[in-house]
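K.L.:
Mind having a look at this structure? Questions to follow.
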Amino acid sequence: MDFTKLDGLIPAVIQDATTNEVLMVGFMNDEALALTVKTGFATFFSRTRNKLWMKGETSGNRLEVVEMLTDCDDDTLLIKVNRQGDGNVCHTGDRTCFSRPFKA
């Protein structure tokens, strides 16, 4: 993966492996990607907290990786997951982070 474009990070689009619903977008550094591959659960790098975090580590709503695809530039991942816990992915308690219409 090319981690040079965003100061050591790559975007990771998270998609439900069954419904194809887009759930969230997170960022990964090389260590978060390595942990995701090793554990089989999505791990991200928090830009605000400046540390690694496994999605669902406190809520139980973990994201089990089913498949990982890279884009043509090798700088973004699409990660297809099975949701664990109550299935809510967004920190607001919603199933997805993409539930509000855009208002220009």
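K.L.:
Taking E21 as meeting all but one of (1) surrounded by fewer than 16 Cβ atoms within 10 Å (Cβ to Cβ); (2) closer than 18 Å to D7 by Cβ; (3) charged (D, E, K, R), write down the number of the exception.
P.N.:
(2)
K.L.:
Within the stretch 39-92, work out how many residues are assigned to a strand (DSSP E or B), of a type outside the set (K, R) and closer than 18 Å to M28 by Cα.
P.N.:
Qualifying residue count, the stretch 39-92: 20.
Just so you know, all these numbers are worked out from the coordinates, no wet-lab data involved. From a predicted model like this one, the values you see are computed outputs, not experimental measurements. In this analysis, Cβ positions are derived from the backbone assuming ideal geometry, glycine residues included, and neighbour counts consider all displayed protein chains.
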